1. Give the residues of region 69-94 whose amide nitrogen is closer than 18 Å to a point set 7 Å from the Cα of LYS199 in the direction of its Cβ.
2. Taking the Cβ-Cβ separation of LYS214 and ILE42 as r and a Förster radius of 51 Å, what is the calculated FRET efficiency to the nearest 0.05?
3. How high is the relative contact order of the chain, in percent, counting Cα pairs under 8 Å that sit 6 or more residues apart?
4. Given the peptides 143-154, 227-238, arrange them by the average over their residues of other C-beta atoms within 10 Å, most packed first.
5. Loop-only trypsin sites (Lys or Arg not before Pro) in region 1-64, please: DSSP not H, G, I, E or B, and at most 13 other Cβ atoms within 10 Å.
6. Between SER245 and GLN30, with labels modelled 7 Å along Cα→Cβ, what's the label distance in nm to one decimal, could you check?
7. Helix 191-200 versus the longest principal axis of the chain: what angle, 0 to 90°, nearest 10, using Cα atoms?
8. Would you mind ranking LYS171, LYS81, LYS131 by Cβ crowding within 10 Å, fewest neighbours first?
Amino acid sequence: MTKFSLKNKVAIITGGGSGIGKAISLTFAQQGAKVHIMDYNIDAAQETVSEIKSAGENAVAHKCDVSNQKNVYEIIHHITKTEDIDILINNAGIAHVGNVEAVEEADLDRLYNVNIKGVYNCIKASIPSLKKGGGVILNLASIASSVGINDRFAYSMSKGAVLTMTYSIAKDYIADGIRCNCIAPGRVHTPFVDGFINKNYPGREKEMFEKLSKTQPIGRMGTTQEIADLVLFLCSDAAGFITGSNFPIDGGFVTLNGK
Ligand code: NAD
């Protein structure tokens, strides 16, 4: 048993079928949590669950679109009939590249629905259960929450809201023993990044991977495991004094670029 054990904890992880959410799901299960993955890509979620189960640990996959309140409520009500939720990880999110002129109304609505309303839906549905045991909420913000990034108008808008929702929830529920924090990753090497490079820079994949790596002063992208380990600490009892905080994990992007 480690210092950051999650033994007997029940965790909901949205977007646990891929990238950062998958690493968080595997890490939490290794530390003894029962993991509920809510992902609209049910095949990917099932794949994560299979990996967890083959290691002798506990997880369940639920097909869910976090932007659909009815869908979120049905799943969380179903879970809380038999279990109390200890941890909610709002990780599911989508990206968009473009400045304000390139963002169409439908793009803005889509980013709002998944990245903002999705977080609201999952928190609103989980709060009654989280209140019972003094739970933890951890949101995936971004460096784009607090600094200007080129061509990320809609994404930055949505991640700014994730940061301020974190403060609001932390304040409103501190008396209920709920801690709420967010993390702000720089570029992390996930299938999303590979897909972005393959789509936008065919034939120049290696060159672009290196270029994107160097935008972090530390000279590389983060790994999903590095993100999952910070999330593990923040959701463990060892972080009991931490609430209403935003944690950069960005290879120096926000504070060291240009210095
Ligand atoms: P990813 O694309 O690899 O995985 C996202 C997962 O969320 C997928 O399994 C997808 O099916 C699921 N998902 C998407 N929309 C959903 C919806 N409406 N309902 C349910 N599930 C949905 O992404 P990732 O790179 O691992 O990013 C995870 C989170 O971290 C996102 O919120 C992202 O904005 C944030 N983030 C990522 C990076 C990065 O560099 N990868 C940096 C900063 C922040």
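Quick note: the coordinates plus some simple rules give every number you see, no bench work behind them. Only a predicted model underlies this, so the values are computations on that prediction, with no experimental measurement involved. All Cβ positions, even for glycine, are placed from backbone atoms using ideal geometry, and neighbour counts span all protein chains on display.
1. 92-94
2. Given R0 = 51 Å and the Cβ-Cβ separation, E is 0.90.
3. Across the chain, relative contact order equals 19 percent.
4. Answer by packing, highest mean first, reads 227-238, 143-154.
5. LYS3, LYS7
6. 2.3
7. Between helix and principal axis, roughly 30 degrees.
8. Starting with the residue having the fewest Cβ neighbours, the order is LYS81, LYS171, LYS131.
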